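The structure appears below as structure tokens.
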Amino acid sequence: MCASQHCPKDYVSSLLADIVTPCEMPYRLGDWITVEGVDGEVKSIGMRALEIVTPDDTVTAQVLGDADAHVRAEAAQVVGGMGEMAGRAQLETMVVSDPDPVVRRNAAWALGKLAQASSREALTTATADKSGLVRMVARASLKTLR
């Protein structure tokens, strides 16, 4: 354990997310979730979008490519938890090039849940990530590929 003055805030946040994330149930179609303060029902997952229908029947989408890193990280979790193959290509891009380590980590986790051999190259690249959390999750996800 390191002293709090030596641990970057992002590292501590990522570590706590690693502890909490496996305990959370994955989202499923029909679940009610909150994204960027918008409550809605998960209706579908696309390559770059999660479709959420709000109580007033408004559709909100485009969260895998959202400007907010927290939203992208949550969206990656949803795609992986729901097993939506349509998001695989975007997740592969995210795991190697997203500027946020939590997003990269969640993308690696999601690719492990999808378990497609075609993700091997992106996950292998992620095993050399500057973030130890991303490297660890990418290595674990590589073991799940078919």
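Within region 111-118, at least one residue is within 24 Å of E41 (Cβ to Cβ) and either surrounded by 21 or more Cβ atoms within 10 Å (Cβ to Cβ) or hydrophobic (A, V, I, L, M, F, W, C) (or both). Among the residues of region 103-146, those identified as touching a Ser or Thr at 6+ places or on another chain (Cβ under 9 Å) and of a type in the set (S, T, Y) are S119, S131, S141. Could you identify the single residue in A140, A76, A117 that is in contact with a helix residue (DSSP H, G or I) (Cβ under 8 Å, 6 or more places away or on another chain) and at pLDDT 90 or above? Within the list A140, A76, A117, the selection yields A140.
Only a single item in (1) closer than 22 Å to V137 by Cβ; (2) surrounded by fewer than 19 Cβ atoms within 10 Å (Cβ to Cβ); (3) modelled with pLDDT of 80 or more is not met by S13, and it is number (3). A count restricted to region 99-123 and to residues that are more than 10 Å from the chain's Cα centre (by Cα) and under 14 Å from V78 (Cβ atoms) stands at 2.
The values are calculated or read from the model by the stated rules, or taken from the named source; none is laboratory data. Worth saying up front: this structure is predicted, and the values here are computed from it rather than measured. Neighbour counts run over all protein chains shown; Cβ positions are idealised from the backbone, glycine included.
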